[in-house]
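Below: one structure, written as structure tokens.
Every number here is computed from the coordinates shown, using simple stated rules; none is lab data. Just so you know, these numbers come straight off a predicted model, no measurement behind them. Heads up, the Cβs are rebuilt from the backbone with ideal geometry, glycines too, and the neighbour counts pull from every protein chain shown.
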Amino acid sequence: MIMKKKIFISLGLMSGTSMDGVDLSIIKSDGYDEFSSILNTYREFDNNLYEQLIGIRDKISSIEDIKIYLDDLNDLEKKFTLFNGKLISEVVRNIDEEIDLIGFHGQTIFHNSKIKISKQLGDGKLLSSLLNKTVVNNFRQNDLLHGGQGAPLTPIFHNLISKIIKKEFKIDYPLSIINIGGITNATLIDYNIKNHDQNFFAYDIAPGNCLVDEWVRKHVKLKYDKDGNYANSGKVDSLVLNQAIDNFEIESFDSSLDIKDFDLSFVKGLSFEDGCATLTKFTAFLISNGLKKISIKNKISLKHIILCGGGRKNNFLVKSIKEFLGDIDIQIHNIDDYNFNGNFIESQAFAFLAIRSYLNLPISFPNTTRCKESITGGEIQKNFE
């Protein structure tokens, strides 16, 4: 008799590098192959919380800074956790399902894989006591302790998505699911490979939205370049772009990336619109170049790229990626075309990772984070009677 795996109702929370708000997803899954989406929603931070989060991140560039600003971080962590708690309370009031687990990623303030530090704001114990629910948080630490980079953690979920898309839409492997958030990470998936321990590989390959987001924040009272409209109205400065391409290289794709690995200094003399266009084109070059390099490294000839994350909506960015990949026979798709909401892949992923952590299943793998062996992660908080 085959034992049927328990199906969990899991809620996932994600606040990305844009720091504009929280994505919340509720999913139904066994942590293995079963998956369905119940609900996705987004809640924007109020201006005060948004400015505090941006402000503290800008101040922290070392472990020493974390110590210096510890009181401020603790105060902000409480505010951030209460914001998430209030959001969850409002959402679960309107659904019939009982939530089994909450995957609480938190807000990344500082990430440096070289010194094995990844600091997220978010008090899992407090959230658990507020909601009387089991919370899984601190997903990255166990990976760092076992030689990993702490990122990316979504590939095991990307792998599941690829199986669902292949089954329903008959897309062939090999394919890549590329998340363009603040940083761009790519999961290469190839089930035609028979002699590998794993059939998926993952890397942080480039900046995503972070450069353009910061440029926009510095010049206008907006948080990002909606649909790439400012970039589209500007003119790419070819001289500045080519100098940036010549002077910047990601030395190793075996290290995770942080937004502080990049800066805007090379476009400081440009107009606002031209800066948007040039930064977006630079980002597109790094994404396409990174994808080419990791494909060669793993001897994979991709047939399909599936885009998710906020960057997939930036028309200028996607068009530029296609131009830089023009010499390769590859089809680029939007994940929304396959019945997934591309805004909520990461929040769904952390709902899924919460289940796997709870079941003590691996969430990090040597081919995704460079950890020494496949390991679980996440700390389980059950701070209620």
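Numbers below:
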{"quantity": "Segment 128-183 and segment 297-335: distance between their alpha carbon centers, rounded to Å", "calculated": "20"}
{"quantity": "Sequence-distant residues sharing a close amide H with Asn334 (under 5 Å, placed H)", "calculated": "Leu307"}
{"quantity": "Helix-only [θ]222 nm of the chain, DSSP H runs n ≥ 4, -39500 (n - 2.57) each, per residue, nearest 500", "calculated": "-11500 deg cm²/dmol"}
{"quantity": "Dipole moment magnitude, nearest 20 debye, segment 155-338 about Cα centre, only Lys, Arg, Asp, Glu C-beta charged", "calculated": "460"}
{"quantity": "Qualifying GluC sites (Glu not before Pro) in segment 70-156, DSSP loop, other Cβ atoms within 10 Å at most 13", "calculated": "Glu97, Glu98"}
{"quantity": "Neighbour-limited loop hits for trypsin sites (Lys or Arg not before Pro), segment 158-248 (at most 14 other Cβ within 10 Å; DSSP other than H, G, I, E, B)", "calculated": "Lys170, Lys194, Lys221, Lys235"}
